[in-house]
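The values are calculated or read from the model by the stated rules, or taken from the named source; none is laboratory data. Since the structure is predicted, the reported quantities are computational estimates derived from the model, not experimental observations. Heads up, the Cβs are rebuilt from the backbone with ideal geometry, glycines too, and the neighbour counts pull from every protein chain shown. Only protein heavy atoms, including side chains, enter the accessible area calculation; ligands, DNA and RNA are left aside. Shrake-Rupley method; radii C 1.70, N 1.55, O 1.52, S 1.80 Å.
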Amino acid sequence: PWSVTGLDKGRFEYGILVDGDNANNDRLYLNNIDIRHCDTGIHTPNSQTVWNDFHNVWIGNCGTAFKTGASTQARNLQIQQCDRGLDISNLAHVWVDVLNMEHTKELAKLTTGAKIFVDGGYSQVPSASTTGTNWPSLNGYFIDARDNETQVSFDNHRFTNPGAHALEDLAKIDVTPTSGTTQTNPSLVRLHNCTTIDARYLIETTLADA
């Protein structure tokens, strides 16, 4: 939003927006990019933006760092001080080789069969509380993956607890269906060779294979 004074004066709605006709095989390649103080850092809503390829991209101080409805691969993605890191929808698959995320209230939201695969890097886990100044979460989740057929996979990743919260009070990777709904195709959570925080304190589910 535009404001007359202060930090967000002249703030852009998008840092980079790839929109328009949903044509086949749209391409987006980003290398050595730094995006700050936008409502959304990068937005690729079209499912046919099929060749998203990011290298050494830093996104900070945004509402959502990266919002996409298209499959994307990234190498060395740095996200800092955002409300939400990744917003993935529309069956999109996002692969990140080294993801580092700090001071961000929610790592990801996945809907409509979206999937995220991360190998390497680290993430700071917020509190489940949405209030206060000691690492609060956006909506009570670390990763909101409560929709059907979502998948969350982390390899060789370090989860940290910078707010020194009791482990049971940390925000979770949540794949439990929202109240009043049923997952016809349960979601999947996979954490492999991840360190610092035991997986039992990171996953909230009654249905998923975990």
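Within the range 148-160, how many residues turn out to be in a loop (DSSP other than H, G, I, E, B) and either at pLDDT 95 or above or buried (at least 20 other Cβ atoms within 10 Å of the Cβ) (or both)? Show your work before the answer.
If we filter the range 148-160 for residues that are in a loop (DSSP other than H, G, I, E, B), which is where we start, we get 148-150, 156-157.
Right, trim to either at pLDDT 95 or above or buried (at least 20 other Cβ atoms within 10 Å of the Cβ) (or both) and you get 150, 156-157.
Summing the residues that are in a loop (DSSP other than H, G, I, E, B) and either at pLDDT 95 or above or buried (at least 20 other Cβ atoms within 10 Å of the Cβ) (or both) in the range 148-160 gives 3.
May I ask you to list the residues in the range 21-59 that are closer than 15 Å to GLY85 by Cβ and among the hydrophobic types (A, V, I, L, M, F, W, C)?
Answer for the range 21-59, where residues must be closer than 15 Å to GLY85 by Cβ and among the hydrophobic types (A, V, I, L, M, F, W, C): ILE35, CYS38, ILE42, PHE54, VAL57, TRP58, ILE59.
Kindly indicate which of THR112, THR133 is in a loop (DSSP other than H, G, I, E, B), at positive phi and open to solvent by 50 Å² or more (accessible area, probe 1.4 Å). Write out each step before concluding.
Values: THR133 fails: at positive phi.
Just a single option satisfies the conditions, and that option is THR112.
How many residues are under 20 Å from ASP119 (Cβ atoms) and open to solvent by 20 Å² or more (accessible area, probe 1.4 Å) when one looks only at the range 52-79?
Looking only at that region, the number is 9.
Open to solvent by less than 50 Å² (accessible area, probe 1.4 Å), among the hydroxyl-bearing types (Ser, Thr, Tyr), within 21 Å of TYR14 (Cβ to Cβ) and within 10 Å of the chain's Cα centre (by Cα) - does that describe any residue in the range 81-103?
Within the range 81-103 (the criterion being open to solvent by less than 50 Å² (accessible area, probe 1.4 Å), among the hydroxyl-bearing types (Ser, Thr, Tyr), within 21 Å of TYR14 (Cβ to Cβ) and within 10 Å of the chain's Cα centre (by Cα)), the answer is no, since none of the residues qualifies.
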